[in-house]
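The values are calculated or read from the model by the stated rules, or taken from the named source; none is laboratory data. Keep in mind that this is a model prediction, so the values were computed, not measured. Ideal geometry is used to build each Cβ from the backbone, glycine not excepted, and the neighbour counts take in all protein chains shown.
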Amino acid sequence: MTNTDRIQELFNSELVVLNIGPRLFGDALGKQNVEVVQVDWRPLAGGDKQMQDLLADLGI
Amino acid sequence: MDFKQQIEQANQKAAEILTGGRPVWVDVQPAGDVIPGMTPDTLLIAGPPIAVEEIPGPVKTAICGALIYEERATTMEEAWQLVTSGTVKVESAQDHDAACGAAMATSASMPVCVVEDKVYGGRGFCAVHPGNKQNVLRWGFYNEEVQRDLVWFRDHYGPALGETVRRMGGIDLINVMSKTAGMGDENHNRQPAASMYMALQMIQTMMEMEFPYRDQIVKEFAANDRFFLHVMMAGAESVLASVKKIPHSTVMVAMGGNGIRFGTRFAGTGNRWFTVEAPLIEGLFLKPTYTREDMLGFLGDSCVTEVYGLGGMSASAGPGYVILTGSTFADALQRSADARKVCVAEHMFAPIPWDGSRGFPVGVDARKVVGLNILPTSHGGGTLKAGGQGTMGSAKLPLDCFKQGLVAINEILINEAK
């Protein structure tokens, strides 16, 4: 079975989707009656690299 | 211990003090007699330190009014000259474990509430609340009526309150808030229940005492449903006085605005303020003709109540205020929920039934604010550039204050490790 076949098989099975971050993708699937679990995730420090490095030392 | 462990240990101590402190209103005394570092040449104002030439109009009026009241000058111009010449020093109240509401300037002979933390020994101070009228120093006005009120407070009203609380052996502020739990106070912008409960106790004692103008004093005191605010500001300062002494802690110990800049202080960074341009307090304009252009930036120290876990932090306890200022009940719950995510502890003296019987989050950790990118909310009243209150509402705490604080505490830890 090729990788393409595996992906195709996935789409032929019943999908349960874990959507991380932006809700847009999950919402689109939800409208197609796909079961979606939204994970409320945001990048640490809003993606600010300097703060991410600081927090690696200072903890959170 | 690595940096993280040092901070965790320090923040644990901060959490213990914030939730274990017991602020008790013990006295009313002239500011100059009780506030550490206060002299006849000191005036205290709200927010982070500010250069004299930047002081906004309403605060300038309050400063000059206070100096005339103190008989240091006879005109506003003469008073301002004392400030610009450096004869009189204008300092940040929170650097003295004190707090100033809005445009208030506190001078040496003004009566201040003295609150003592009976567990950790700190003391905090705040001028006696002047009542609900706009024509007060607190809102940046000075004229004959304000002068008469200041003298009345100094000579009669303040001393009578002091005598009452001394005779009562002090008033436990945690007890007041516990007794009034669930009555709709968030205890920054709304505190009628706490004020009334305190009056309920105090008036009994007042009526047993003999002091000049007693009936007038009782009447004035009982009519002020915001009285508890300034007592609680002193209460917050009394507990924070001990938290300020914890090295390495990333917990916020001061915040306020001077109308131009908004600033925060953290326990582990000593007396340094971390400031940004003061945000507006937005929500409800008190007159339909007011606009954003009429408003000064965040002005006042009453948000020390938030530093102690009240106001925007305990928004779920006072949804009426949140709704009145243009938001919703869900917003009120969300404000407290957000605060819980970035705080190190929770007050449990007044659990809120409609918020899962949760308490008030307290002790904002700069690491969590920056890391989770969640900004707590402060409630507040906005000051007009021309003086007076223009809005009631809220403001998000500026993220950059917390980022600056983290950089500073990291530098301290690196230097100590060398």
field: Odd one out for B:Lys89 among (1) without any contact (Cβ under 8 Å) to a residue 24 or more places away in the chain; (2) surrounded by fewer than 24 Cβ atoms within 10 Å (Cβ to Cβ)
entry: (1)
query: Given the conditions (1) over 18 Å from the mean Cα position of the chain (by Cα); (2) surrounded by 23 or more Cβ atoms within 10 Å (Cβ to Cβ), and given that B:Ala315 satisfies all but one, which numbered condition is not satisfied?
result: (1)
message: Testing A:Asp27 on (1) acidic (Asp, Glu); (2) more than 14 Å from every other protein chain (Cβ to nearest Cβ); (3) within 27 Å of B:Val369 (Cβ to Cβ), one condition comes back false. Which one is that?
response: (3)
field: Criterion: on the phi < 0 side of the Ramachandran plot, assigned to a helix (DSSP H, G or I) and either away from chain B (no Cβ under 11 Å) or out of contact with any helix residue (DSSP H, G or I) (no Cβ under 6 Å at 6 or more places or on another chain) (or both) - qualifying residue of A:Gln38, A:Gln8
entry: A:Gln8
- line: Those residues of the stretch B:267-276 that are in contact (Cβ under 8 Å) with a residue 24 or more places away in the chain and assigned to a loop (DSSP other than H, G, I, E, B) come to a total of 3
task: State the number of residues belonging to the stretch A:48-60 that are more than 8 Å from chain B (Cβ to nearest Cβ) and either in contact with a strand residue (DSSP E or B) (Cβ under 7 Å, 6 or more places away or on another chain) or among the aliphatic types (A, V, I, L, M) (or both).
output: 1
statement: Quick count over the stretch B:319-337, residues being among the charged types (D, E, K, R) and either more than 21 Å from the chain's Cα centre (by Cα) or surrounded by fewer than 16 Cβ atoms within 10 Å (Cβ to Cβ) (or both), is 1
- request: Check B:Pro353 against each of (1) away from chain A (no Cβ under 13 Å); (2) over 30 Å from B:Leu286 (Cβ atoms); (3) within 23 Å of the chain's Cα centre (by Cα) and name the one condition it does not meet.
  value: (3)
- request: Enumerate the helices (runs of 4 or more DSSP H) found wholly within the stretch B:159-222, keeping only those where 3 or more residues are within 25 Å of B:Cys303 (Cα to Cα) and without any contact (Cβ under 8 Å) to a residue 60 or more places away in the chain.
  value: B:173-179, B:192-208
- request: Spot the failing condition for B:Tyr290; the list is (1) surrounded by fewer than 24 Cβ atoms within 10 Å (Cβ to Cβ); (2) closer than 17 Å to B:Gly235 by Cα, and only one is missed.
  value: (2)
statement: For the stretch B:398-418, pairs from a residue that is at the interface with chain A (Cβ under 9 Å from one of its Cβ atoms) to a residue that is small (Gly, Ala, Ser) and in a helix (DSSP H, G or I), with Cβ under 7 Å and 6 or more apart or across chains, are B:Leu406/B:Ala366; B:Ile409/B:Gly268
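Quick check on A:Ala45: is it surrounded by 11 or more Cβ atoms within 10 Å (Cβ to Cβ), part of a helix (DSSP H, G or I) and either away from chain B (no Cβ under 14 Å) or in contact with a Cys (Cβ under 7 Å, 6 or more places away or on another chain) (or both)?
no
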- request: Please find, among A:Leu29, A:Leu24, the residue that is surrounded by 10 or more Cβ atoms within 10 Å (Cβ to Cβ) and not in a loop (DSSP other than H, G, I, E, B).
  value: A:Leu29
- line: Selection from the stretch B:270-287 of residues surrounded by 18 or more Cβ atoms within 10 Å (Cβ to Cβ) and of a type in the set (S, T, N, Q) yields B:Thr275
message: B:Ala345 - would you say it is modelled with pLDDT of 95 or more, within 14 Å of chain A (Cβ to nearest Cβ), surrounded by fewer than 24 Cβ atoms within 10 Å (Cβ to Cβ) and touching a helix residue (DSSP H, G or I) at 6+ places or on another chain (Cβ under 9 Å)?
response: no
task: Please tell me if B:Glu8 is surrounded by 15 or more Cβ atoms within 10 Å (Cβ to Cβ), free of Cβ contacts under 8 Å to residues at least 60 places away in the same chain, away from chain A (no Cβ under 14 Å) and within 24 Å of B:Lys245 (Cβ to Cβ).
output: no
- prompt: When the stretch B:368-395 is examined, which residues are found to be over 28 Å from B:Ile174 (Cβ atoms) and either within 14 Å of chain A (Cβ to nearest Cβ) or modelled with pLDDT under 95 (or both)?
  reply: B:Val370, B:Gly371, B:Leu372, B:Asn373
message: If I filter the stretch B:360-375 down to residues being within 16 Å of B:Ala315 (Cβ to Cβ) and surrounded by fewer than 23 Cβ atoms within 10 Å (Cβ to Cβ), which single residue comes out as nearest to the chain's Cα centre (by Cα)?
response: B:Leu375
- request: Might you let me know whether the stretch B:114-130 holds any residue that is assigned to a helix (DSSP H, G or I), under 16 Å from B:Gly387 (Cβ atoms) and at pLDDT 95 or above?
  value: no
